[in-house]
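Participant: Before I ask anything, here is the structure I am working with.
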Amino acid sequence: MTSSATPARERAHQLLAPGTQLHGFTVERDETIDELDADAYVMRHTSSGARLLYLACEDENKSFAIGFKTPPADDTGVFHILEHSVLNGSAKFPVKEPFVDLIKTSMQTFLNAMTYPDKTIYPVASTNEQDLLNLMDVYMDAVLNPAIYSKRAIFEQEGWHLELDEADAAEQASDTADDTPGLRYNGVVFNEMKGALSDPTDVLDNEIMRQLYPDTAYRFESGGNPRAIPTLTYENFLNTHARHYNLANSYIVLYGDMDADRVLAFLDDRYLSDDALAAARAFKREAGTLVENPGDPNPLELQAPVVCEYDSITMNTTPENAQVGMAYVLGHALDRKRVIAADVLFDALLGSNEAPVKKAILAAGLGGNVMSYTDAACLQPYELIVLQGAKPGVAREFRQVIEDECRRLVENGIPRDRLEAVLSSEEYALRQRDYGVADGVAITCDLLSTWLYDDDAATSALTYGPIYAELRRELDGPYFENLLRELVLESKHSALVDLIPHDADDQAEDPEAAELAALCANMSDADLKAVADNVAALRAVQEAEDTPEARATLPRLHVSDIGPARPEPALTLDTTSPLPCLKHDIPTHRLAYFMAYFDLTHVSYAELPYVSILARLMKQLGTTCRSASELDSYIGSNLGFLAFAPEVMAQPNWKLARPVMTVAAGALTEKIEHLASIPAEVWGKTVFDDIDRIREVLTQMRIGMEQGFITSGHQAALARAWSYVSPAGMVSESISGVDFYQFLRDLLDHFDERADDLVEKLRDLQARIFTSTDTVVSFTGTDEDYERFWNAAGSLGLEPRLAAAKELYVPMPQPKREAFIIPSDICYVAKAADPRAMGLAMDGSWSVAATVLSYDYLWNEIRVKGGAYGCGFRAVADRQLCFYTYRDPAIDPSIERIAGAGTWLSTFEPDPLSFEGFIVSSVASHDAPLKPYALTRRQNIEFFTKRPVNWRDELRDGMLATTPDKLRALGETISRVAEEAPLCVFGGREVIERSHAGLNAVDLLG
């Protein structure tokens, strides 16, 4: 291996030559990973059998992860419950929730755990090496020596337990119960999966996997099916942990600029050595739950080819959520060229409305939208093509259309411009390396898509550069046509599944309700009292405070470990360029970003929904220069991305809102001339004469919004609650929220009679919006690229606005106390307020208060006790305060607990170390590094929202100056916020009907 002479890589190169034995590890091989500017070292720990891969590179955002191969053997979700449960205390750290303590007190840039269909991963990341070691310490002890062996309550809290309905529980406690008590299941994972399986796409995907892999672990729901979760016993829970959470079944990944000698010594001394393993066994033996000879891990085997010609499942959801899925197995995960080529191929065929297979399906009129994705994170990757908003009885025709169009493409050839566009987009993404999370975390998840299946494939998923180069050469031959023939036309491993909605009223009885009723009928009074007593005991465990001795075991950082704030890259406003330009001095890895902000304050309030439609249609229709299909390929070949979207810039005066049309694009620096010309062509020359395509795109918009209401109801509820108090929130609702959705549905319901007026309105808005008047642009790249951009851009084809301005008069907001009914078994609760409208002054101490409330009071009250999957309190600088819950089983208990937040904060008495941790965590979150595009976006928003130049420094200083007295002083104000902030709920009909909160129910999707 040839290592570049950068400090971190050079240190590793000197320390970890192949054959080296260090701290119990043997370095088996090394390799340069050009795609990541990193060197890989594959090791094995001799005595424990643990595998380890270290990726040495210059990234200061370093990471650690340990993963285990965990193929399920049933639908109980045992591995998902284990993922939650092991982070609830351990031998070395006997606190209730070290996971939450780390969120509250560390400098982590990522801290979570994930359950996949065949593996469970525990990754952490931090920019501070000592912090990373602290995180590693807690995570390693959690997964190897968890408190689940001594505390059954963890299993009941995170998995499932029985409860009496609240009224019945009170009666049982007073020995005055009537003859008809009610039972219910509760548990964090149980409620999470109720929410997850309210998503039709998840339900369809689960059934697809059952049909594709009927004889393997992939046929089971790894997250857990709520119908099966209550069959999991505590004994099987412990046995499953013992069989799978052992070092011989583990995969450890280190990433970034770190002292490898120090980290490897740490792992060996504390967790991997013979002495450490003996201590772990002693801990479990002392707990009385050591699982002797637990057996081998569950097998993960290949599925012999099987064809499911047709299968149907029913689901309680709205008729609009009818879906059909067609899936094709692509081969083996280790055949990297084939899997990557298939991903490129299906993206070219289905990745946009102009992609030939998607276009053929839409033209056949079988449904409202088509989406597809490649699942490569399994032993036998597959492609799933989903018809959304499917018409009844079209499943077989759907498959026929797919295969007929694929046959035509095999015979006539796949358009090379489409394949070239996808390959170019991939090249851009690989250079950008913007994963949305800490790089090391995303890379760990990727590399386990091969390493899990072959010890010799630790880096196979990372060395993709040569494969893409080879695929470019394959464009000159029949490779892609032959691959399409094999994968679709000659497939021997595929499945067709029809998801058919039904009305809940069509069923005689809900299966869960029937099961609970039967269980309750067979219970004696003593049995029911035992249930109540068990819940009381669980509540006592949940409410018990950690002892000072237990808290003292946790590793802590101090404020002195944070260091000074990193200087922000410069932002300057260049007024000498053809248009005012925000110029960003940010390193971009040979990429360039362009953004344009077109003022919308001249657009009337009634026209705002049309602006959103205009933005969505950009790129979807042809221009005067190119057809829609030609434009689609042209953009893909020359830009990394191009996006149009209206957004609202909040202003210092809370009564004002400044909406803008944002156009954003990115390109390789060698294609910088396209960064100027393509957006200008789209915004200036799009034609609106394809009425059928317009209807098609709007239908896709509607379907996407409906899916969002179901899967991310907390975001929709927060936005809606915000609109009750903020003019900016009302504008947001008009362009992207419930108001816009209702406008869109009405437009589609009357599309034929409104189509001509719609086209006229779109042309008018296009001419009025895309002008040079009040337009500001943004550029991120080198000085040389900046000069090249403006030489190519000129004035971007923009002229001053000639049309008369209309008045953007935003009505004053009014609380509506709405509860939007969605097809779900859970709910999302939100309350929002504007501190400026309440006359509240805010500083950095509010950010610390948000951390304290979110991860102490609300976490314990709403997640731990209430069983909701998520909850929180946000304090967005001086412009928004809000409470929310996520996948919550009930409305009223959460409202009551939110009401108590201020009182709790008023009596908050943290110990000094814990309080310092809250400050460290808050400041670390504030300082978290951003990728170039995200930093560009943030700086631009700060400019348009008129933030003072030093406002982030002042906010940070306010965090550092926070004291317990300052937080307690906020308690009364937060009580006022909780009382006055308007309420909005998204949730299932039954959950809403059980509430006594006086909500106005709205059947949103009906």
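Participant: Would you call Arg817 surrounded by fewer than 20 Cβ atoms within 10 Å (Cβ to Cβ), in contact (Cβ under 8 Å) with a residue 12 or more places away in the chain, within 21 Å of the chain's Cα centre (by Cα) and under 30 Å from Asp199 (Cα atoms)?
Facilitator: So Arg817 does not fit the description; no.
Participant: Output the residue which, of all residues in segment 926-959 that are free of Cβ contacts under 8 Å to residues at least 12 places away in the same chain and of a type in the set (A, V, I, L, M), is surrounded by the most Cβ atoms within 10 Å (Cβ to Cβ).
Facilitator: My answer is Leu930.
Participant: Shifting gears a bit: Among Asp739, Asp746, which is crowded, with 18+ Cβ neighbours inside 10 Å, among the acidic types (Asp, Glu) and part of a helix (DSSP H, G or I)?
Facilitator: Asp739
Participant: Contact list please: Cβ distance under 7 Å, first residue in segment 406-423 and surrounded by fewer than 16 Cβ atoms within 10 Å (Cβ to Cβ), second residue in a helix (DSSP H, G or I) and not hydroxyl-bearing (Ser, Thr, Tyr), pairs at least six apart or on different chains.
Facilitator: Hits for this filter: Arg407/Leu489; Gly413/Glu481.
Participant: Please give the number of the condition Ala792 fails out of (1) surrounded by fewer than 22 Cβ atoms within 10 Å (Cβ to Cβ); (2) under 19 Å from Val731 (Cα atoms); (3) touching a His at 6+ places or on another chain (Cβ under 9 Å).
Facilitator: Against the list (1) surrounded by fewer than 22 Cβ atoms within 10 Å (Cβ to Cβ); (2) under 19 Å from Val731 (Cα atoms); (3) touching a His at 6+ places or on another chain (Cβ under 9 Å), Ala792 comes up short only on (2).
Participant: Asp434 fails exactly one of the following numbered conditions: (1) modelled with pLDDT under 95; (2) among the charged types (D, E, K, R); (3) touching a Lys or Arg at 6+ places or on another chain (Cβ under 9 Å); (4) not in a loop (DSSP other than H, G, I, E, B). What is the number of that condition?
Facilitator: (4)
Yes/no matrix, rows are residues, columns are (1) at pLDDT below 95; (2) in contact with a Gly (Cβ under 9 Å, 6 or more places away or on another chain); (3) not in a loop (DSSP other than H, G, I, E, B):
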{"position": "Ala153", "(1), (2), (3)": "no, no, yes"}
{"position": "Asp168", "(1), (2), (3)": "yes, yes, yes"}
{"position": "Asp179", "(1), (2), (3)": "yes, no, no"}
{"position": "Asp205", "(1), (2), (3)": "no, yes, yes"}
{"position": "Arg210", "(1), (2), (3)": "no, no, yes"}
{"position": "Asp215", "(1), (2), (3)": "no, no, no"}
{"position": "Phe237", "(1), (2), (3)": "no, yes, yes"}
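Participant: For Ala1001, work out the one condition from (1) in a strand (DSSP E or B); (2) buried (at least 17 other Cβ atoms within 10 Å of the Cβ) it doesn't fulfil.
Facilitator: (2)
Participant: Looking at segment 229-243, is at least one residue surrounded by fewer than 15 Cβ atoms within 10 Å (Cβ to Cβ), over 28 Å from Gly195 (Cα atoms) and in the same structural domain as Ala8 (by TED's automatic domain parsing)?
Facilitator: No, every residue in segment 229-243 fails to be surrounded by fewer than 15 Cβ atoms within 10 Å (Cβ to Cβ), over 28 Å from Gly195 (Cα atoms) and in the same structural domain as Ala8 (by TED's automatic domain parsing).
Participant: If Glu60 satisfies all but one of (1) more than 30 Å from Tyr149 (Cα to Cα); (2) without any contact (Cβ under 8 Å) to a residue 60 or more places away in the chain, what's the number of the condition it fails?
Facilitator: (2)
Participant: Could you count how many residues in segment 726-735 are closer than 14 Å to Asp834 by Cβ and either assigned by TED's automatic domain parsing to the domain that holds Ala833 or in a helix (DSSP H, G or I) (or both)?
Facilitator: Selection size over segment 726-735: 6.
Participant: Right, here's the next one. Any residue that is among the basic types (Lys, Arg) and within 27 Å of Ser629 (Cα to Cα) - is there at least one of those in segment 335-348?
Facilitator: Yes, there is a match, as at least one residue in segment 335-348 is among the basic types (Lys, Arg) and within 27 Å of Ser629 (Cα to Cα).
Participant: Look through segment 544-554, keep the residues that are part of a helix (DSSP H, G or I) and touching a residue at least 24 places away in the same chain (Cβ under 8 Å), and return whichever of them is nearest to the chain's Cα centre (by Cα).
Facilitator: So the residue we want is Arg551.
Participant: Could you tell me which numbered condition Arg887 fails, if it satisfies all but one of (1) surrounded by fewer than 19 Cβ atoms within 10 Å (Cβ to Cβ); (2) at positive phi?
Facilitator: Among (1) surrounded by fewer than 19 Cβ atoms within 10 Å (Cβ to Cβ); (2) at positive phi, Arg887 violates only (1).
Participant: In contact with a helix residue (DSSP H, G or I) (Cβ under 7 Å, 6 or more places away or on another chain), in contact (Cβ under 8 Å) with a residue 24 or more places away in the chain and not assigned by TED's automatic domain parsing to the domain that holds Val923: does that describe Glu158?
Facilitator: yes
Participant: With Ala849, Ala832 as the choices, which residue is outside the structural domain of Leu608 (by TED's automatic domain parsing) and more than 15 Å from Leu718 (Cβ to Cβ)?
Facilitator: Answer to the selection: Ala849.
Participant: So in segment 382-397, with the set limited to residues that are under 27 Å from the mean Cα position of the chain (by Cα) and crowded, with 21+ Cβ neighbours inside 10 Å, which one is farthest from Pro71 (Cα to Cα)?
Facilitator: Ala390
Participant: Of the residues that sit in segment 304-333 and are of a type in the set (S, T, N, Q) and within 24 Å of the chain's Cα centre (by Cα), which one is surrounded by the most Cβ atoms within 10 Å (Cβ to Cβ)?
Facilitator: Gln323
Participant: Oh, and also: Since Lys92 meets every condition but one in (1) more than 21 Å from Ile154 (Cα to Cα); (2) surrounded by fewer than 22 Cβ atoms within 10 Å (Cβ to Cβ), which condition does it not meet?
Facilitator: Checking Lys92 against (1) more than 21 Å from Ile154 (Cα to Cα); (2) surrounded by fewer than 22 Cβ atoms within 10 Å (Cβ to Cβ), the one that fails is (1).
Participant: Which fully enclosed helices (runs of 4 or more DSSP H) of segment 654-725 have 3 or more residues being closer than 24 Å to Thr771 by Cβ and not hydrophobic (A, V, I, L, M, F, W, C)?
Facilitator: Correct list: 672-685.
Participant: What number of residues within segment 292-351 are of a type in the set (S, T, N, Q) and free of Cβ contacts under 8 Å to residues at least 60 places away in the same chain?
Facilitator: Looking only at that region, the number is 1.
Participant: I would also like to ask the following. Do any residues in segment 497-519 that are closer than 25 Å to Glu163 by Cα and modelled with pLDDT of 90 or more have Cβ atoms under 6 Å from those of residues that are surrounded by 13 or more Cβ atoms within 10 Å (Cβ to Cβ) and aliphatic (A, V, I, L, M), where the two are at least six apart or on different chains, and which pairs are they?
Facilitator: From segment 497-519, the pairs are Leu516/Leu183.
Participant: Determine if segment 26-47 includes at least one residue that is outside the structural domain of Ala928 (by TED's automatic domain parsing), under 26 Å from Ala282 (Cβ atoms), polar (S, T, N, Q) and surrounded by 20 or more Cβ atoms within 10 Å (Cβ to Cβ).
Facilitator: No, the conditions are met nowhere in segment 26-47.
Residues checked against (1) touching a Ser or Thr at 6+ places or on another chain (Cβ under 9 Å); (2) not polar (S, T, N, Q):
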position: Ala276; (1), (2): yes, yes
position: Arg281; (1), (2): no, yes
position: Val291; (1), (2): no, yes
position: Pro305; (1), (2): yes, yes
position: Thr314; (1), (2): no, no
position: Thr318; (1), (2): no, no
position: Ala327; (1), (2): yes, yes
position: Phe346; (1), (2): yes, yes
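Participant: Mind counting the residues in segment 117-131 that are buried (at least 24 other Cβ atoms within 10 Å of the Cβ) and either β-branched (Val, Ile, Thr) or assigned to a helix (DSSP H, G or I) (or both)?
Facilitator: Residues in segment 117-131 being buried (at least 24 other Cβ atoms within 10 Å of the Cβ) and either β-branched (Val, Ile, Thr) or assigned to a helix (DSSP H, G or I) (or both): 2 in total.
Participant: Taking segment 226-259 as the region of interest, how many residues are among the β-branched types (Val, Ile, Thr), within 17 Å of Gln157 (Cβ to Cβ) and touching a residue at least 60 places away in the same chain (Cβ under 8 Å)?
Facilitator: Going through segment 226-259 one residue at a time, the tally reaches 1.
Participant: Same structure, new question: Which is part of a helix (DSSP H, G or I), assigned by TED's automatic domain parsing to the domain that holds Lys391 and touching a strand residue (DSSP E or B) at 6+ places or on another chain (Cβ under 6 Å), of Leu462, Leu487, Leu496, Leu516?
Facilitator: Leu487 is the lone residue from the list that is part of a helix (DSSP H, G or I), assigned by TED's automatic domain parsing to the domain that holds Lys391 and touching a strand residue (DSSP E or B) at 6+ places or on another chain (Cβ under 6 Å).
The values are calculated or read from the model by the stated rules, or taken from the named source; none is laboratory data. From a predicted model like this one, the values you see are computed outputs, not experimental measurements. Cβ: placed from backbone, ideal geometry, glycine included. Neighbour counts: every protein chain shown.
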